[in-house]
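Right, I'll just put the structure down here and ask away after.
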Amino acid sequence: MNSNSLSLALLLGLTVPCVSAATETDPSNTFQHEANLTFGTHTDGFDDGLWNLDYRYYFNPVDADKGPYALSGFLAQESNIGAQYAQIAVVTDIVAYQVDGTYVFDSNWFIGAQYNRVYLDNDYFDVVSSVDDIVEYEAHIGYFFNEASEISFSYQTSSTSDTQSFSSPEFSFNSSSDSDYQLYSIAMHSFIPLASSSGLDLLASWSYINQDYETSNTFNLYDDFTSTSKTNSNTVKFSADWYINRSWSIGANYVWSQYDTDSEYMTEDTLNQYSFDDTSNEYAITTAYWWQISQHFAAKFSVAKQFGLDGDGLPDGLLIGISANARF
């Protein structure tokens, strides 16, 4: 987990409502369809933002009056399917698609799967690439241990191959690469109602990533070379949001990350080996407000301030999320 990942995760967290995989509800204020149109950015550069469009269908009606508005999907504990489209302009234009589904059993166990595809704009780079997208698959299983709490385990994998080339009258360059990625995680999510306010929303997670990368390069002006790297990382996240009422929340996030990488650089005559590791501690304070305009339409406004970022060019202003919501 690096600082760019935290910023993107916070933007998504600010702008995408929480959903999860029942009880009888009042049909006068229920919904089965939910859609959101969102823009997320930061004050250091409004052009470097994220547009997000998502839709979710719940197999049974969701009670919109149960708990905070933003947590209706999580508190419903209903089977659901969803789709998401996001366009990100950070370094270059990135377009991401996601399709997911969760099925809840009568025993309170649930299973689910997710498919992600990310398209990269290779016109930004001065190379010709045969692969410009990344595909990820995820599966998860979990259990609701009360009406407002769950524990879940997930596995995600991705494998990509890429070739790049560049040529001119003076020189030529060819490169091929392979990457394998696996992520394992466990998460606990719980909402605790309070007598004097709406309640406290708590989330804790741990994830482990294993990634292998290999590239082979030929360059007519230099020796051919091959490089390999193996990275292992651990990330622990904690977040707490206090809902003063059903609409307004204030909260804090903490992310601890640790990684180590072993690399080799090989030519016909040489072998160089490198190893490095690092840890980071990053924090954020957040506030969000859900404006329920009518029974079916709402707007959400969110702000976050990050601390502990390590790197040049990273945003140090405020992260902002603005979302339009429809429920039917």
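In sequence order, what are the phi-derived ³J(HN,Hα) couplings for the stretch 49-66 according to the Karplus relation 6.51 cos²θ - 1.76 cosθ + 1.60 with θ = phi - 60°, rounded to whole Hz, with x for glycine and proline?
Rounded to whole hertz, the list is x, 10, 9, 9, 10, 9, 9, 9, 10, 9, 5, 10, x, 9, 7, 6, 8, 8.
Calculate the length of the line joining the C-alpha centroid of the stretch 237-313 to that of the stretch 32-56, in whole Å.
17 Å
Going highest first, how would you order 204-212, 301-309, 63-71 by mean Cβ packing within 10 Å? Walk me through the numbers before you get to the answer.
Details: 204-212: 15.7, 301-309: 17.2, 63-71: 20.7.
Answer by packing, highest mean first, reads 63-71, 301-309, 204-212.
Moving to a separate point now. Which order do peptides 49-55, 182-188 fall in by mean Cβ count within 10 Å, highest first? List each step's numbers first, then the result.
Details: 49-55: 18.6, 182-188: 15.7.
Most protected by this proxy first, the peptides run 49-55, 182-188.
Bear in mind that the values in this text are calculations on the coordinates, not laboratory data. Since the structure is predicted, the reported quantities are computational estimates derived from the model, not experimental observations. Cβ: placed from backbone, ideal geometry, glycine included. Neighbour counts: every protein chain shown.
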